Structures are given as C-alpha cells and as structure tokens.
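Undergrad: Take this structure, written in structure tokens, and hold onto it; I'll ask about it next.
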Ligand SMILES: [Cu+2]
C-alpha cells in the first residue's frame, strides 16, 4: 500500500519536475560610461540573460564580446540585444568591447 503510494508520488513528481530555472534577467545600458551595471553577481549554476541597450555612438562599445564563451554580438543603437549565459560556473566572466575589453564589465559567479 505504502509502496504503491510512493511509486505514484515518484512518477508524478518526475512528470511535473520543472525545467531548468528561467534565466535571471539583467538590463545593461551601454553608454558614455561603458557597460552599466559593470559588475553583476549571480549564484553558481544559475543562468543569466543580459539585455543590452546601447544608447550612444560616442564609444567603441558597439558590440558585446564574452571571450570565455565565444560570444560576439553587434549592439545596434537603441535596440535591445539579448544574450543568455547558461549554467554558470564559479568564477568571473568578463565581457566588454571588441578592443580586448577596453570597456568592460564582469559577472561574478559566487
Ligand atoms: Cu573598446
């Protein structure tokens, strides 16, 4: 009786098990001051969606580059561009402009 109940419980929890948690959304403005916020903190294992909006033509930060994840995406003026970084490992992930991250930010996974 109890066994049957447990089996039913396990089966139903397997069916309804949630998918991976939705990424944490962080809005990043790219303007005269570079990338804001320039420091983002998340927990290990989490996923982050950066929603970047570039609002100036006056800097070299016309792209978002994440070297450690081989991401390189153009940032058209005043258009929001999303990048999703999944299942982050403990450590620091640098991102920034294409000029070797002269303008830059960091995601601290800790
Ligand atoms: Cu640059």
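Any read-out appearing in this document is the output of simple, stated calculations on the displayed coordinates, not a laboratory observation. Computed from a predicted structure; not experimentally measured. Quick reminder, even Gly has a Cβ in these numbers, built from the backbone with ideal geometry, and neighbours come from all protein chains shown.
Undergrad: Full extension from residue 69 to residue 108: what is 0.36 nm times the residue separation minus their Cα-Cα distance, to one decimal in nm?
TA: Using 0.36 nm per residue and subtracting the Cα-Cα distance, I get 12.6 nm.
Undergrad: Now a separate question. Just to verify a number: FRET efficiency for residue 60 and residue 82, C-beta to C-beta distance, R0 = 22 Å, to 0.05?
TA: Numbers: r = 21 Å, r/R0 = 0.97.
E between residue 60 and residue 82, to the nearest 0.05, is 0.55.
Undergrad: Along Cα→Cβ, 7 Å out, is where each label goes; now give me the distance between the ones at residue 92 and residue 41 in nm to one decimal.
TA: 1.4
Undergrad: One-quarter of the Cα convex hull surface for region 21-109, in nm²?
TA: Its average projected convex-hull area is 4.9 nm².
Undergrad: Expected output is a single nm value to one decimal: the length gained when fully extending between residue 53 and residue 29, i.e. 0.36 nm times separation in residues minus the C-alpha distance. What is it? Numbers along the way, then the final one.
TA: On the way: separation 24, 0.36 × 24 = 8.64 nm, distance 0.51 nm.
8.1 nm is the gain from fully extending residue 53 to residue 29.
Undergrad: With 10 angstrom as the radius, rank 54, 90 by how many other C-beta atoms surround their C-beta, starting from the fewest.
TA: 90, 54
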